[in-house]
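A short write-up of the structure that comes next.
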Amino acid sequence: MSGSSLESRLLPATPDLESYKDAWGFIEYIEGELFEISLETLGAANKVARKAGMKVGAVILGHKIPEEILRELIYRGADYVIYADHPELEHYNPIAYTEVLYQMIERYRPWALFFMADDLGRDLGPKVAYRATTGMAADCIDFDVEDFEFKLAGKTYKNLLAQIRPAAIWIAKIFTPRHRPQISGVRPGYFKPPPRDPNRRGDIIRFDPLIPEEAKRFRVVKVEKLPEEKDPLRDAELIVSLGMGITRRPGGEPDPVKAFEMAKELAEYIAKKLGVKTALGASRALIHAELKELEGKITHDMQVGQTGKAVSPKIYIAAGISGAIQHKVGMQSSENIIAINIDPNAPIFEIATHIINEDLYTAIPKIIEALKKRLGE
Ligand SMILES: Cc1cc2nc3c(=O)[nH]c(=O)nc-3n(C[C@H](O)[C@H](O)[C@H](O)COP(=O)(O)OP(=O)(O)OC[C@H]3O[C@@H](n4cnc5c(N)ncnc54)[C@H](O)[C@@H]3O)c2cc1C
């Protein structure tokens with residue numbers, strides 16, 4: 001099929017593609033509360049906007065949004081804020097929210113728009129994408145700016161948003177070459193919001209929306225706040241994670257219970273001595289191994305990775321973990337990665353900041369001992 005005949009069979013492209021500029025993060029402000037996690041969209045927007053030579057916009061909807069919240073978004077990495085303030089936007093009303101965001105898109109033409117892949121973003125993002133006749137890549141873990149050669153159409157599109165997400169056993173790169181904005185869901189935990197800088201300045205733009213009549217068919221009758229879920233893994237500043245390496249030991253008998261106790265001692269010692277939050281994690285292989293002796297100790301909620309949790313602590317210690325891509329995507333944004341592995345070619349070493357090429361059964365006690373010496377015991 002020639003490029004032009006293929007093109008005629010595709011959904012018509014967004015007119016005037018080149019006029020779309022800037023990367024926006026959708027900020028969740030619900031029931032008078034700024035959802036801190038949605039600031040991660042500004043982290044994603046910052047990464048690509050700086051590379052593409054564009055600005056970062058924060059978009060926020062609500063009613064009686066305090067000015068200090070709008071200013072806060074500038075301090076947290078937005079170059080400008082566009083907000084709509086209306087009684088119909090006080091609660092999350094999917095019809096009104098979709099329509100107002102669509103009106104903002106029509107007016108300001110953003111190149112990319114990021115939603116948090118949480119309950120609200122997963123509901124709203126696809127609705128906005130449908131309304132704006134564009135695509136959406138859900139649950140992305142990374143972004144870049146790249147050219148894309150659309151071989152079937154015989155065209156190369158320049159400076160597109162590369163939307164990166166796991167797909168079964170692969171990491172897929174998704175492009176939206178012919179439509180704008182390029183809309184993505186950002187998986188929680190993968191982008192740190194930019195550090196707060198109260199010296200940053202930016203424009204705060206009020207947008208007066210037209211609320212469609214049908215939005216009034218949607219009524220919030222009751223709002224109930226669910227108890228906050230505490231997640232030790234996501235809150236932790238240091239994580240000690242164990243993998244299948246605890247079941248193997250060159251030249252010795254492996255003792256998974258002993259390995260678990262050593263990891264626990266290390267995490268607890270650091271928590272006690274340095275007053276930081278610590279937690280234990282695990283690879284999926286170790287969890288799925290369901291070792292009898294570790295029943296109740298290694299549990300499903302400890303899984304780090306693509307089908308587990310995304311974490312980005314200050315220090316991530318991976319002991320006896322090979323570094324399969326599905327594990328790496330859940331922890332590679334940690335500030336420091338200490339990898340303990342007997343295999344000098346273990347893939348985890350590729351992303352480690354500190355490499356310990358040694359048996360974990362000897363390495364972990366050495367770390368504890370070194371810490372004790374350092375801390376004067
Ligand atoms: C769709 C899909 C989703 C997945 N999601 C996840 C996920 O969310 N999280 C996840 O973790 N995995 C996930 N996996 C599984 C992933 O592919 C790997 O199988 C898994 O991460 C491997 O776990 P591991 O590193 O503990 O085990 P292994 O790959 O067996 O590695 C064990 C490592 O320990 C080292 N070792 C052995 N003995 C010692 C010792 N005494 N001291 C030090 N090092 C030692 C070895 O050299 C090796 O590198 C997923 C897979 C699929 C297909």
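Table: residues versus (1) free of Cβ contacts under 8 Å to residues at least 60 places away in the same chain; (2) β-branched (Val, Ile, Thr); (3) within 28 Å of residue 35 (Cα to Cα).
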| residue | (1), (2), (3) |
| --- | --- |
| 219 | yes, no, yes |
| 224 | yes, no, yes |
| 229 | yes, no, yes |
| 243 | no, no, no |
| 258 | no, no, no |
| 261 | yes, no, no |
| 266 | no, no, no |
| 269 | no, no, no |
| 280 | yes, no, yes |
Next item on the list: Could you tell me whether any residue of segment 137-159 is among the aromatic types (Phe, Trp, Tyr), over 26 Å from residue 50 (Cα atoms) and either more than 16 Å from the ligand (Cβ to nearest atom) or at pLDDT below 95 (or both)?
Entry: no
Checklist line | One residue from 148, 114, 143 being within 25 Å of residue 332 (Cβ to Cβ), touching a Pro at 6+ places or on another chain (Cβ under 7 Å) and of a type in the set (Phe, Trp, Tyr) | finding: 148
Next item on the list: Inspect all residues belonging to segment 356-370 and state whether any of them is more than 12 Å from residue 243 (Cα to Cα), surrounded by 23 or more Cβ atoms within 10 Å (Cβ to Cβ), under 23 Å from the mean Cα position of the chain (by Cα) and more than 7 Å from the ligand (Cβ to nearest atom).
Entry: no
Notebook entry, point to check: Name the helices (runs of 4 or more DSSP H) wholly within segment 238-343 that hold at least 1 residues that are away from the ligand (no atom under 11 Å from the Cβ) and at pLDDT 95 or above?
Noted result: 256-274
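If you take the residues in segment 287-327 that are of a type in the set (S, T, N, Q) and surrounded by fewer than 21 Cβ atoms within 10 Å (Cβ to Cβ), which one is nearest to the chain's Cα centre (by Cα)? Break it down into steps so the answer makes sense when it comes.
Quick first cut of segment 287-327, residues of a type in the set (S, T, N, Q) only: 299, 303, 306-307, 312, 322, 326.
Next, only the ones that are surrounded by fewer than 21 Cβ atoms within 10 Å (Cβ to Cβ) stay: 299, 307, 312, 322, 326.
Details: 299: 23, 307: 13, 312: 10, 322: 23, 326: 15 Å.
Filtering segment 287-327 for residues that are of a type in the set (S, T, N, Q) and surrounded by fewer than 21 Cβ atoms within 10 Å (Cβ to Cβ), the one nearest to the chain's Cα centre (by Cα) comes out as 312.
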Margin query: Which of the numbered conditions does residue 331 fail, given that it passes all the others? Conditions: (1) touching a residue at least 60 places away in the same chain (Cβ under 8 Å); (2) over 21 Å from residue 189 (Cβ atoms).
Written below: (2)
Notebook entry, point to check: Conditions: (1) modelled with pLDDT of 95 or more; (2) under 18 Å from residue 218 (Cα atoms). Residue 90 meets all but one. Number of the miss?
Noted result: (1)
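The values are calculated or read from the model by the stated rules, or taken from the named source; none is laboratory data. What you see is a predicted model, and the numbers here were worked out from it, not measured in a lab. Note that we place each Cβ from the backbone using ideal geometry, even for glycine, and neighbour counts take in every protein chain shown.
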